[in-house]
1. What number of residues within region 274-315 are open to solvent by less than 30 Å² (accessible area, probe 1.4 Å) and over 21 Å from Val391 (Cβ atoms)?
2. What are the residue pairs meeting all of these: first residue in region 217-246, first residue assigned to a helix (DSSP H, G or I), second residue open to solvent by 40 Å² or more (accessible area, probe 1.4 Å) and within 15 Å of the ligand (Cβ to nearest atom), Cβ atoms under 7 Å, and 6 or more apart or on different chains?
3. Restricting the search to region 155-188, which residues are charged (D, E, K, R) and within 16 Å of the ligand (Cβ to nearest atom)?
4. Take the residues in region 356-374 that are touching a strand residue (DSSP E or B) at 6+ places or on another chain (Cβ under 8 Å) and more than 14 Å from Ser274 (Cβ to Cβ); name whichever of them is nearest to the ligand (Cβ to nearest atom).
5. Scan region 125-152 for residues that are closer than 18 Å to Leu455 by Cβ, open to solvent by 10 Å² or more (accessible area, probe 1.4 Å) and among the β-branched types (Val, Ile, Thr) and jot them down.
6. Take Ala208 and tell me if it is at pLDDT below 95, in contact with a helix residue (DSSP H, G or I) (Cβ under 9 Å, 6 or more places away or on another chain), farther than 18 Å from Leu458 by Cα and among the small types (Gly, Ala, Ser).
7. Which one of the conditions (1) within 15 Å of the ligand (Cβ to nearest atom); (2) touching an Asp or Glu at 6+ places or on another chain (Cβ under 8 Å); (3) not aromatic (Phe, Trp, Tyr) does Glu309 fail to meet, given that it meets all the rest?
8. Out of curiosity, is Tyr314 under 24 Å from Leu367 (Cα atoms) and among the hydroxyl-bearing types (Ser, Thr, Tyr)?
Amino acid sequence: MGRLVAVSNRVADPRNHAAGGLAVALSEALSKTGGLWFGWSGKAIDINQGGTPGEGELHLQQAGNVTLATVDLSREDYDAYYLGYSNGVLWPVFHYRLDLADFDSGGNLNSYRRVNQLFARKLAPLLKPDDVIWIHDYHLIPLAAELRAIGCGQRIGFFLHIPLPPPLILAAIPQHEWLMRAMFAYDLIGFQSQADVDHFARYAQDEAGAEPMGEYRFRAFHRTVRAQAFPIGIDVDEFIELGKGDDSRETYEMMRAQYARRRLLLGIDRLDYSKGLPQRLKAFQTLLAEYPENRASATLIQIAAPSRESVDAYADLRRDMEGITGAINSEYGELDWMPVRYIHRSTARKRLPGLCRASSVALVTPLRDGMNLVAKEFIAAQDPDDPGVLVLSRFAGAAEQLKEALLVNPYDFRATAQAIQQALHMPLAERRTRHAKLLERIRAQDVHWWSSEFLRALAETENG
Ligand code: ADQ
C-alpha cells in the first residue's frame, strides 16, 4: 500500500495516547506508512487579526514519522462551516432531527463549500501519486469531489462516523443531491452499521438512479463507489491496561467506598440531544416511581461533557437537564441520598475504566447514534467474574453488534425503567454469560480490525 493520508476536522498528536482509541488506531495506521494527517488547526482567526474567509495558513509539524498538516480557519468560516452547516444542518438531519435543523442560512452552505475547497487546495500539493487518502466524517463530505476537481486521481475512502438517515429524511436537506453526487467521488464509503448501508443503497438507487454492480458496489455520475459497514471498535487491550493504572484504580476504590450501600448506574456522554439524556433521566425517574425498592439505593451518575455550546439547541438541552435533575432530586432525595448526580464536565480518560467498573449498570440510551463507543468501553472495563450490565438503545449503531445487552427503546420510559430494574436484579450467572459474549464481540471487531479492514477494502477498489 502507498502512503496513508488521513483527513479529519481535528488532528490529534499521535504521541498523545490520552486522545483515545480513534487517534491511537489512526496513528498506528499512519506510522506504518510514514503517513500524513491533515485537518483544521483548531485556530479560528478573527477578521481584525487577518482571518479571511476561504483562506488559512498551513502548518507542518513532524510527530515521529507522521507528518501533521493543519490549516487555520477564519472565524467567519469556523462559525459557518463548523457550527452552521456541519452542526446546524448535517448533524441534526443525519440524527433524524429535522425539527432542529437550520436550513435558512445560505451563508453556512457557502462556507462549508469554501472550507472544503480550501482544504483541497492546501492538501493537493502535499500528495504523492500513489497515496491512499482516508477522509473522515460529515464535515468533509465534498472533499473528495473538490480534490478530484483539481486533478487528484488517488484512491479516496470516506468513513461516516454518524448515522445516514433513510432517503426521505436525507432529502429534507435542500442540497441532498449535491451531497450525494459528492459521495460518488469516493472509491469506498464506510458506514457504522448495515442499516446505514441500506439507507445509502436505497437513496443511491431511488433518488440518484444508481445502478447496483453486485455486492456493495453502485454506479452513478460516471463513477463506481463501494459502500460497506465497518463498525468502529475500541482498543480493548489499551482500555483494560488503562484500568490497571493508578488513576483508574483510585477512582474505582473511591466510588466503591462512597457507594458501598448503593447501586450505581452510569451515563457518560457529550451533552448532545442525540444522546437521549432527558429521556434517560425520565426513565430513571419512572424506575424510582414504579419500583420503590430502589429508592435510597439506585444512584445515577450522569457525566455530560460540554459540547458545541454556542449552538442554540445545546443551550436548551443544558437547561432541560438541570430542570429534570432538580425535579428528581427534590422529589426523591433524602438527607443522605441524592438519586441523580449530574456533572456537566468531561472526565479524564484515565479515570473512565475505574468509573465503569464501579458501576452496576451503564445507561447508553441515545435516540440515535452512529455507533457509541462508551457502550464498548463499559464492557471492556468490567470484572468478568462480577460484571455490570449494559442497557443499550436499539437506536445506537452498537445495537447491531451488542445483542447480549438489554436493548431498549429510549422513548419508552416505562419499558426502559423495566430494563433497568432487570439489569439491577440480574443473577450473576446471566451477567457473566452476557458479558463474556459481549467481550468476545468487541474483541473480534476492535479498532485495529476496523482500520485494517477499511484500508484493505479501499486497496481492493477499482479506483474510478
Ligand atoms: P461521539 O458522539 O463523540 O462520536 P461516543 O462514541 O459516544 O461519541 O464517544 C466517543 C469518545 O468520547 C469515547 O471514547 C468516550 O469515552 C468519550 N467521552 C464521551 N463523553 C465523555 C465524557 N463526558 N467524559 C469523558 N469522555 C467522554 C461520534 C459518533 C459516535 C461514534 C464515534 C466514533 O457520534 O456514534 O461512536 O463518533 O466513530
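1. Number satisfying all stated conditions: 4.
2. From residues that are assigned to a helix (DSSP H, G or I), the pairs are Leu242/Lys350; Gly243/Arg357.
3. none
4. Cys356
5. Val132
6. Yes: the conditions hold for Ala208.
7. For Glu309, the exception is condition (2).
8. So Tyr314 passes the test.
The values are calculated or read from the model by the stated rules, or taken from the named source; none is laboratory data. Only a predicted model underlies this, so the values are computations on that prediction, with no experimental measurement involved. Glycine also receives a Cβ, built like all others from the backbone with ideal geometry; neighbour counts cover every protein chain displayed. Side chains included, ligands, DNA and RNA excluded: accessible areas come from the protein's heavy atoms. Shrake-Rupley method; radii C 1.70, N 1.55, O 1.52, S 1.80 Å.
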